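Here it is: the structure, laid out below.
The values are calculated or read from the model by the stated rules, or taken from the named source; none is laboratory data. Small disclaimer: the values here were computed from a predicted structure and weren't measured. For neighbour counting, all protein chains shown are included, and Cβ atoms are generated from backbone atoms with ideal geometry for every residue, glycine included.
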Amino acid sequence: MSAASLVEQMKGGLDAPICLTWELTYACNLQCVHCLSSSGQRDERELTTAEAKAVLDELHDLQVFYINIGGGEPMVRRDFFELLEYSIDRGIGVKFSTNGAFIDAEKARRLAAMDYLDIQISLDGIDRATNDAVRGEGSYDMAIRAMDNLRDAGFGPFKISVVVTRHNVDQLDEFKALADHYGAQLRITRLRPSGRGADTWHELHPTNAQQRQIYNWLLAHGDNVLTGDSFFHLNALGDESLPGLNMCGAGRVVCLIDPIGDVYACPFVIHEEFRAGNVRNAGGFTEVWKRSDLFTELREPQSAGACASCGSFDACQGGCMAAKFFTGLPLDGPDPECVSGHADHDLALVGAGTAPRPAMDHSKPVRVSLSKRPVLT
Amino acid sequence: MTGCAASTDRVSSSLGDTPLELHPQVALRPEPFGALAYHYGNRRLVFLKHPDVVRVVRQLGNHPSLDDTLRACDINPKRWTSFATAIQSLITSEVVRERSITG
């Protein structure tokens, strides 16, 4: 079977997700301006320990090999280690994303002693000023301290996870050097206008020239850098494809379980329109994955719409559904970051405040916007 | 399919005679196109793109060699060369490994 027909098979959906993200809590010690889940405060409806374990039992039966745990800050949950150990004991490997605040020397040793565990430390600037402008004051030191602790505990190759923005795109080489310094692996992902990112995307997303920079950088370094397949829209820039499946996996090979058990097509579309069901309903997660109306629909052939006449459609696939949705663009048209500029006209016509808003907001009461952040010297 | 025209019952003198097995750290999950293989050690996900390949991989540990496995799985000898290529690439990605015959 050729690679192309394999991708076609994947678009028809798999028996269970390959890449399942599970956000354990909306609580977070930080308040990043681009948080895709608008996290900050815990939701009282969050899954209990017993409910979370029941979901893990289902994932075990579905033969889900590993899960990506996030939040919020997942380590805030008191049962974090209990769930981690339960998952790994059931043969489900865990990769969790954290800002590192709670990885002290003792926790680092505990984490280092576990098998089938990967840790992803978020860092959005190679220096304090660039990072803290997005992730909040003190977050740079927090991340570096966690990395030091993991290294000292002999954890092995953890991951450094960077959301690429207009302000850190020139630092990719330095991020790579930092990862090499720690014996870590670099992961870079695309900024989405999801969650609080909807409010900051226009200021933070890479410019058209910077997109080419990312594409070229990935072609040069891509085999050693993880991307979660998030830059496939850049394939329209050249004949050479970036490493990865280069398709939107939403509802087909990817999905999200949010802290209250709602199942969404992907981590970047926390909105009613992309909610397929809830793990608390009859049949649990399995029923949602296999038979929900939304996922069934996403697995049917999708229309190229306004992109049908563009020669690059096969390469870019029309881009990211979430990016279109939260910028107010039609789903069967170009991505807001279409490298040929085909979305620019429509994007300019989207009236202020008319794009769909993220469904839930767990931000802390006092919002700190990008422009109001103190200037760090 | 790149199978050679001659009906041979040996894929190659080296690989065909080698005792092989599914790597103990690899889990296989059946899918409509074949199976997904996940290696818990190197965390790599590999696609087995045909149900017959999956059948052969699962049986490798029960037979003395790759040739014997292919024969036992009733794989047409014309396809053996392409199976050898597939198995070789699975060895590279550590889904399949050589089996040590001791004791």
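Which is within 13 Å of chain B (Cβ to nearest Cβ), touching a Ser or Thr at 6+ places or on another chain (Cβ under 8 Å), surrounded by fewer than 21 Cβ atoms within 10 Å (Cβ to Cβ) and within 30 Å of A:PRO301 (Cα to Cα), of A:ASP61, A:ASP15? Before you say what the answer is, go through the steps one by one.
On the way: A:ASP15 fails: touching a Ser or Thr at 6+ places or on another chain (Cβ under 8 Å).
Just a single option satisfies the conditions, and that option is A:ASP61.
Look at A:ASP15 and say whether it is assigned to a loop (DSSP other than H, G, I, E, B), among the charged types (D, E, K, R) and over 27 Å from A:PRO193 (Cα atoms).
yes
Can you spot a residue in the range A:94-102 that is in a loop (DSSP other than H, G, I, E, B), surrounded by fewer than 18 Cβ atoms within 10 Å (Cβ to Cβ), modelled with pLDDT of 95 or more and out of contact with any Gly (no Cβ under 9 Å at 6 or more places or on another chain)?
Kept after step one, since they are in a loop (DSSP other than H, G, I, E, B), are these residues of the range A:94-102: A:99-102.
Checking which are surrounded by fewer than 18 Cβ atoms within 10 Å (Cβ to Cβ) leaves us with A:102.
Now narrow it down to the ones that are modelled with pLDDT of 95 or more: A:102.
Still in the list and also out of contact with any Gly (no Cβ under 9 Å at 6 or more places or on another chain): A:102.
For the range A:94-102, residues in a loop (DSSP other than H, G, I, E, B), surrounded by fewer than 18 Cβ atoms within 10 Å (Cβ to Cβ), modelled with pLDDT of 95 or more and out of contact with any Gly (no Cβ under 9 Å at 6 or more places or on another chain): present.
Now, a different point. Quick check on A:ALA179: is it of a type in the set (A, V, I, L, M), outside any loop (DSSP other than H, G, I, E, B) and surrounded by fewer than 21 Cβ atoms within 10 Å (Cβ to Cβ)?
no
Residues checked against (1) among the charged types (D, E, K, R); (2) in contact (Cβ under 8 Å) with a residue 24 or more places away in the chain; (3) surrounded by 24 or more Cβ atoms within 10 Å (Cβ to Cβ):
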| position | (1), (2), (3) |
| --- | --- |
| A:LEU20 | no, yes, yes |
| A:LEU30 | no, yes, no |
| A:SER39 | no, yes, yes |
| A:ASP43 | yes, yes, no |
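Condition test on A:LEU56, is it more than 14 Å from chain B (Cβ to nearest Cβ), in a helix (DSSP H, G or I), in contact with a strand residue (DSSP E or B) (Cβ under 7 Å, 6 or more places away or on another chain) and over 30 Å from A:ASN246 (Cβ atoms)?
Against the criterion (more than 14 Å from chain B (Cβ to nearest Cβ), in a helix (DSSP H, G or I), in contact with a strand residue (DSSP E or B) (Cβ under 7 Å, 6 or more places away or on another chain) and over 30 Å from A:ASN246 (Cβ atoms)), A:LEU56 does not qualify.
Among the residues of the range A:65-78, are any closer than 30 Å to B:PRO32 by Cβ and either within 11 Å of chain B (Cβ to nearest Cβ) or at pLDDT below 95 (or both)? Talk me through it step by step, then tell me what you get.
Step one: filter the range A:65-78 for residues closer than 30 Å to B:PRO32 by Cβ, giving A:65-70.
Subsequent filtering for residues that are either within 11 Å of chain B (Cβ to nearest Cβ) or at pLDDT below 95 (or both) retains A:65-66.
Checked the range A:65-78: at least one residue is closer than 30 Å to B:PRO32 by Cβ and either within 11 Å of chain B (Cβ to nearest Cβ) or at pLDDT below 95 (or both).
Return yes or no: is B:SER89 surrounded by fewer than 17 Cβ atoms within 10 Å (Cβ to Cβ), hydroxyl-bearing (Ser, Thr, Tyr) and in a helix (DSSP H, G or I)?
yes
Moving to a separate point now. Applying the selection to the range B:1-29, what residues are loosely packed, with under 14 Cβ neighbours inside 10 Å and at pLDDT below 95?
Answer for the range B:1-29, where residues must be loosely packed, with under 14 Cβ neighbours inside 10 Å and at pLDDT below 95: B:MET1, B:THR2, B:CYS4, B:ALA5, B:ALA6, B:SER7, B:ASP9, B:SER13, B:SER14.
Regarding A:GLU106, is this residue modelled with pLDDT of 95 or more, part of a helix (DSSP H, G or I), under 25 Å from A:ILE257 (Cβ atoms) and of a type in the set (D, E, K, R)?
Considered against the rule, which asks whether it is modelled with pLDDT of 95 or more, part of a helix (DSSP H, G or I), under 25 Å from A:ILE257 (Cβ atoms) and of a type in the set (D, E, K, R), A:GLU106 comes out as no.
Return only the number of the condition from (1) surrounded by 14 or more Cβ atoms within 10 Å (Cβ to Cβ); (2) free of Cβ contacts under 8 Å to residues at least 40 places away in the same chain; (3) in a loop (DSSP other than H, G, I, E, B) that B:ASP74 does not satisfy.
(1)
Being out of contact with any Gly (no Cβ under 7 Å at 6 or more places or on another chain), within 13 Å of chain B (Cβ to nearest Cβ) and on the phi < 0 side of the Ramachandran plot narrows it down to one of A:VAL7, A:VAL33, so name that one.
Checking each option against the conditions leaves just A:VAL7.
So which residues in the range A:140-173 are over 20 Å from A:TRP217 (Cβ atoms), in contact (Cβ under 8 Å) with a residue 40 or more places away in the chain and touching a helix residue (DSSP H, G or I) at 6+ places or on another chain (Cβ under 6 Å)?
Residues satisfying the conditions are A:MET147, A:ASN149, A:LEU150, A:ALA153, A:GLY154, A:PHE155, A:PHE158.
Still on this structure, I have one more. For the range A:253-343, list the helices (runs of 4 or more DSSP H) that sit wholly inside it and hold at least 1 residues that are of a type in the set (S, T, N, Q); which are they?
Those helices (runs of 4 or more DSSP H) span A:284-291, A:293-298.
Inspect all residues belonging to the range A:294-305 and state whether any of them is β-branched (Val, Ile, Thr) and under 30 Å from A:GLU58 (Cβ atoms).
Checking the range A:294-305: at least one residue is β-branched (Val, Ile, Thr) and under 30 Å from A:GLU58 (Cβ atoms).
Right, another one. Give me a count of the residues in the range B:25-51 that are more than 9 Å from chain A (Cβ to nearest Cβ) and over 15 Å from B:ILE91 (Cα atoms).
2
Every residue in the range A:112-128 that is farther than 19 Å from A:LEU30 by Cβ, out of contact with any Lys or Arg (no Cβ under 9 Å at 6 or more places or on another chain) and either among the charged types (D, E, K, R) or surrounded by 21 or more Cβ atoms within 10 Å (Cβ to Cβ) (or both), please.
The one that is farther than 19 Å from A:LEU30 by Cβ, out of contact with any Lys or Arg (no Cβ under 9 Å at 6 or more places or on another chain) and either among the charged types (D, E, K, R) or surrounded by 21 or more Cβ atoms within 10 Å (Cβ to Cβ) (or both): A:ASP115.
A further question on this structure: Would you call A:ARG90 closer than 19 Å to A:PRO267 by Cβ and either free of Cβ contacts under 8 Å to residues at least 40 places away in the same chain or not acidic (Asp, Glu) (or both)?
no
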